[in-house]
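Undergrad: Starting off with a structure, shown below.
The values are calculated or read from the model by the stated rules, or taken from the named source; none is laboratory data. Owing to the predicted nature of the structure, the values given are computational and were not obtained by experimental measurement. Cβ coordinates were reconstructed from backbone atoms using ideal geometry, including for glycine residues, and neighbour counts include every protein chain displayed.
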Amino acid sequence: MRWIRAIAAVTLAMTCGFGAAWADEPVQRQPVLDVNFPDPFVLVTKDGLVAYATNSNIGNRHLNVQLSRSADGLTWSAPVDAMPRTPSWARRYGSDIWAPEVMKVGDKYVMYFSARHARKLRPDGLTLCVGVAVADAPEGPFLPKGEPLTCGGDIGAIDANPFRDGDDLWLYVKTDGNCCGVPTGIIAQRLSPDGLALTGEPHVVSGVTNDMPWEGGVIEATQMIKRGPIYWMFYAGNDYSNEKYATGYAMCKTPIGPCLDAKENPILKSEPGTPPLTGPGHQSLFEIDGDMWIAYHGWLGSDADHNRRRAMYIDLVDWSTGLPVVVAR
């Protein structure tokens, strides 16, 4: 089988090395979950991996928040709905529940997501806001709270990313300026200890701007991690709907900057192949047994065939040079 080594059980996969399931040499990229699974986020649990994704129609079912499970990162279950009930503040039909991310806080699992507000308007229509939902287990069901955490002022907010820095919890969101001809930016704000409320003042993350040519005037889908003394903010840039969408990162001194874009950007971009990798972005980094991996989506299919979709890929992140390099696996 292509770049697969058999794993006897979930425990072997998780304790003896997630990488044991992957070949030693880089190969042609192939999706690990070939359904429409946009904006993937992967959570490592004691029982394996759980991936969440933006709403989609699977067969004749509409899933608000897609959820898929895997023991080895290669074979994934058919998606189910992790949040069957739409938030009360969101538009009931066509709520656009996007980019869910989950963090364990205490004995609860807290999900952050974007959704279309039922009443709040912006210049191009209904505003997108960031909401929060809670569950007792990573597979849900997640129960949404009655009000959004933030709507990002007049233009909306999307792509919420929670980050734990010691005892501090942060939430990053994108101001959705590209909806309305306004520059996009990244806002950071502290979360309450239970992760259910924003506290303190919002901060514009300094140095993370959309002024590089490859970004096409858009930065979004941030994910903050910390390695040693450095904060690393990964993000996607450009138009998500085509081959220009790509992934880069910035190095930051604190959770709110200042940050410096990497000269190597983008570190993940479209490339030829069978199938070609098209528009790789909205990344999710996760770590198992000291190895870091990156999940992301890429376009497959075509509008002409009515099967255009964003499938999920997973690659290794190599830090041997001190900087992140994405290696096909």
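Undergrad: Could you grab me the full set of residues in the stretch 50-67 that are surrounded by 19 or more Cβ atoms within 10 Å (Cβ to Cβ) and either touching a residue at least 40 places away in the same chain (Cβ under 8 Å) or of a type in the set (V, I, T) (or both)?
TA: Within the stretch 50-67, V50, A51, Y52, A53, T54, N55, V65, L67 qualify.
Here's the yes/no breakdown for (1) among the polar types (S, T, N, Q); (2) within 18 Å of Q30 (Cα to Cα); (3) crowded, with 16+ Cβ neighbours inside 10 Å:
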| site | (1), (2), (3) |
| --- | --- |
| N238 | yes, no, yes |
| L260 | no, no, no |
| P272 | no, yes, no |
| D305 | no, no, no |
| V326 | no, yes, yes |
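Undergrad: I'm checking my understanding of the structure. Among residues of the stretch 240-258 that are of a type in the set (G, A, S) and surrounded by 18 or more Cβ atoms within 10 Å (Cβ to Cβ), which one is nearest to E201 (Cα to Cα)? Step through it out loud before you land on a result.
TA: Residues of the stretch 240-258 of a type in the set (G, A, S): 241, 246, 248, 250, 257.
So of that shortlist, the ones also surrounded by 18 or more Cβ atoms within 10 Å (Cβ to Cβ) come out as 246, 248, 250, 257.
Numbers: A246: 31, G248: 27, A250: 23, G257: 15 Å.
The qualifying residue nearest to E201 (Cα to Cα) is G257.
Undergrad: Pick out, from the stretch 206-299, the strands (runs of 3 or more DSSP E) lying fully within it that include 1 or more residues that are within 13 Å of the chain's Cα centre (by Cα) and over 21 Å from A160 (Cα atoms). Talk me through it step by step, then tell me what you get.
TA: Working: elements: 219-227, 230-237, 246-252, 259-261, 281-288.
In the stretch 206-299, no matching strands (runs of 3 or more DSSP E) lie anywhere.
Undergrad: Given the criteria surrounded by fewer than 18 Cβ atoms within 10 Å (Cβ to Cβ) and outside any loop (DSSP other than H, G, I, E, B), does E201 qualify?
TA: Spelling it out, E201 is indeed surrounded by fewer than 18 Cβ atoms within 10 Å (Cβ to Cβ) and outside any loop (DSSP other than H, G, I, E, B).
To keep it simple, each residue is scored yes or no on (1) aromatic (F, W, Y); (2) modelled with pLDDT of 90 or more; (3) surrounded by fewer than 16 Cβ atoms within 10 Å (Cβ to Cβ).
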residue	(1), (2), (3)
T11	no, no, yes
T15	no, no, yes
G19	no, no, no
Q28	no, no, yes
L33	no, yes, no
P38	no, yes, no
F41	yes, yes, no
D47	no, yes, yes
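Matching residues to (1) surrounded by fewer than 21 Cβ atoms within 10 Å (Cβ to Cβ); (2) more than 15 Å from W89 (Cβ to Cβ); (3) small (G, A, S):
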site: V110; (1), (2), (3): no, yes, no
site: A115; (1), (2), (3): no, no, yes
site: G131; (1), (2), (3): no, no, yes
site: P141; (1), (2), (3): yes, yes, no
site: P148; (1), (2), (3): no, no, no
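Undergrad: In addition: All but one of (1) under 15 Å from D289 (Cα atoms); (2) at pLDDT below 75; (3) of a type in the set (D, E) hold for D24; which doesn't?
TA: (1)
Undergrad: Which of the residues spanning the stretch 63-81 are more than 19 Å from C129 (Cβ to Cβ) and either in a strand (DSSP E or B) or among the hydrophobic types (A, V, I, L, M, F, W, C) (or both)?
TA: Result: L63, Q66, L67, S68, R69, S70, A71, L74, W76, A78, V80, D81.
Undergrad: Shifting gears a bit: Considering only the stretch 147-180, state which residues are touching a Phe, Trp or Tyr at 6+ places or on another chain (Cβ under 7 Å) and not in a strand (DSSP E or B).
TA: Hits for the stretch 147-180 are E147, P148.
Undergrad: Ok, one more. Hey, any hits in the stretch 96-103 for a residue that's modelled with pLDDT under 95, assigned to a strand (DSSP E or B), surrounded by fewer than 23 Cβ atoms within 10 Å (Cβ to Cβ) and at positive phi?
TA: no
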